[in-house]
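The structure appears below as structure tokens.
Taken together, the values in this text are just the output of simple stated rules run on the coordinates, not laboratory data. This one's a predicted model, so the numbers in the text were calculated from it and none came from an experiment. Neighbour counts run over all protein chains shown; Cβ positions are idealised from the backbone, glycine included.
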Ligand code: MTE
């Protein structure tokens, strides 16, 4: 069964729903950027949470996906699925801006003729287009918990395929130890206001150990809520690593490289003391500026409310992944 969801109207301005902690955190974040030698030109950007674009109409650019099999291991979960009208309008996609309401700006992402280059330490380097992916990798649906490092959380019905299928297709050599994922970047298009100064380490990149990519939970999503991914969620293909904080899930992937060294990544390069490479969800390891002991689950209906819950180690996926971290 594919979950079909009819979006409901959502009319609450973001200033009423963005928790105070995020405003406060941003201020600290700015200080960090400044201490990292990054220009104060960023300051006005972080002040514009009250963005009129957050009061919006329907999700755009989504095609219903057929032939999707729900994976029975991931159909039940201990909390309600997040209303799509919330999940699709409360996003992080810094290439298009630093507010949570970048969904409209993200519509500038061009999807035509999308290619994903897989290269590096593999026996079968490949460049896939979307048709290749569809033919090679059967789609399934998985309902996963999603936990942002900023403490907000959701429950999302993703559609896509396990990363290990792609891994098997390209067949890494024994020298491959890490994988780098690179997001689409074109400074003429990904024009998040003020985000293109100084030394921000664009393009957005993320990385995994090869064993993490081979884990059965690691997923490439090409759809969500029964249809193709909207651009703000990282169309046409993004990473979903449910036991790690959300920033590990790079959006709009154009390149995957198999490496024999741990790659530099966007957030880890920018603020290494706050965003570590591993980034496993861990209630006992506070972020330097806030506790991770609890999380705020985004509201139950079409309007925002926050339900506080204890954070689960590995976001509740320890039975699948704890074995990867016995070192
Ligand atoms: N990928 C790219 N390319 N750019 C980004 O800014 N933000 C990350 C991650 N992937 C980000 C990204 C962060 S911080 C989070 S929490 C999730 O995307 C948010 O995913 P969502 O907007 O689909 O909920």
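Observations on the structure shown:
- When the alpha carbon gyration tensor of segment 182-327 is reduced to an equivalent ellipsoid, the three semi-axes, largest first, read 24, 21, 18 Å.
- Potential lengthening between residue 130 and residue 177 on full extension [0.36 nm per residue; Cα-Cα distance subtracted]: 14.3 nm
- Least to most buried among 317, 185, 245 (fewest other Cβ within 10 Å first): 185, 317, 245
- Each label was represented as a point 7 Å from its Cα along the Cα-to-Cβ direction; for residue 308 and residue 326 these points are 3.7 nm apart.
- Residue-span extension gain [residue 168 to residue 188] - 0.36 nm each, minus C-alpha spacing: 3.7 nm
- FRET efficiency, 1/(1 + (r/R0)^6) with R0 25 Å, evaluated for residue 78 and residue 290 via beta carbons: 0.55
- Using the Cβ-Cβ distance between residue 273 and residue 112 with R0 = 45 Å, the FRET efficiency computed as 1/(1 + (r/R0)^6) comes to roughly 0.65.
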